[in-house]
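Here is the structure we will look at.
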Amino acid sequence: MSEPDEPNWRTKPPPEARIVPGLFRSRNYIWDNDHRIVESHGVTWSQFLALSSLRAAGRDRTMSPTELYTAAQVTSGGMTKMMHALREAELIERIDNPEDGRSRLVRITPKGARLAEQIVEELIATNKLLIGGILETEEVEELARLLHKLSSGLQNRKKEALRPKS
């Protein structure tokens, strides 16, 4: 009886086969680290996303609940619970919508803006140390450029795939 032929395995996978696992491993490490930082400030990741979105929402720092739950990546039911907790902590407030008296908007309070800013600054500093300890400044710039290019290209492909065929 003869031995089966050995599979013709590559000794080194092509770059395309190494990118996704590398992105996932890096993302998981940074994700866990970032979550620990955010949660050390007494808010969840989704609450931080909501506060960050409000912080960046223009001069009035106000959004509709629908805009906010899209930005915070939570369901409408989760948004209700989250807004209640943020309101109890005096990080947001509900205000009347001047354009539609039937609805209310969400606005970040000065306390919420300070907290969001503090967390953002801590995340930037920590990730700068984390990544900067591994990559040179030029490599960080190049990686940021390439990831932006990849992300934008993938988003465009997704949009094209969702368009109805003529």
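Is one or more of the residues making up region 55-78 modelled with pLDDT of 95 or more and either among the basic types (Lys, Arg) or more than 19 Å from the chain's Cα centre (by Cα) (or both)? No, there is no match, as no residue in region 55-78 is modelled with pLDDT of 95 or more and either among the basic types (Lys, Arg) or more than 19 Å from the chain's Cα centre (by Cα) (or both).
One residue is enough: does region 81-90 have a residue meeting the conditions in a helix (DSSP H, G or I), on the phi < 0 side of the Ramachandran plot and in contact (Cβ under 8 Å) with a residue 60 or more places away in the chain? Among the residues of region 81-90, not one is in a helix (DSSP H, G or I), on the phi < 0 side of the Ramachandran plot and in contact (Cβ under 8 Å) with a residue 60 or more places away in the chain, which makes the answer no. Pairing residues of region 45-62 that are among the small types (Gly, Ala, Ser) with residues that are part of a loop (DSSP other than H, G, I, E, B), at Cβ distances under 7 Å and at least 6 apart in sequence or on separate chains, gives Ser46/Gln73; Ser46/Val74. The test for being open to solvent by less than 90 Å² (accessible area, probe 1.4 Å), closer than 28 Å to Leu51 by Cβ and not in a loop (DSSP other than H, G, I, E, B) does not hold for Leu146. With respect to the conditions (1) more than 21 Å from Asn33 (Cα to Cα); (2) of a type in the set (A, V, I, L, M); (3) surrounded by 14 or more Cβ atoms within 10 Å (Cβ to Cβ), Ile95 lacks only one, and its number is (3). Is it the case that Glu90 is open to solvent by 90 Å² or more (accessible area, probe 1.4 Å) and among the acidic types (Asp, Glu)? The answer is yes for Glu90. For Leu105, are the conditions met, namely being surrounded by 15 or more Cβ atoms within 10 Å (Cβ to Cβ) and of a type in the set (A, V, I, L, M)? In short, yes.
Taken together, the criteria exclude Arg102 from residues that are outside any helix (DSSP H, G or I) and modelled with pLDDT of 90 or more.
Do you know which residues across region 108-139 are outside any helix (DSSP H, G or I), of a type outside the set (Gly, Ala, Ser) and open to solvent by less than 80 Å² (accessible area, probe 1.4 Å)? Across region 108-139, the qualifying residues are Ile108, Thr109, Leu135. Taken together, the residues in region 39-50 that are crowded, with 22+ Cβ neighbours inside 10 Å and under 11 Å from Ile119 (Cα atoms) amount to 2.
The values are calculated or read from the model by the stated rules, or taken from the named source; none is laboratory data. Treat the numbers as computed from the prediction; the structure is a model and nothing was measured. Counting neighbours? That spans all protein chains shown, and the Cβs are built from the backbone with ideal geometry, glycine included. For the accessible areas, the whole protein counts, side chains as well, though only heavy atoms, and no ligand, DNA or RNA atoms are used. Shrake-Rupley method; radii C 1.70, N 1.55, O 1.52, S 1.80 Å.
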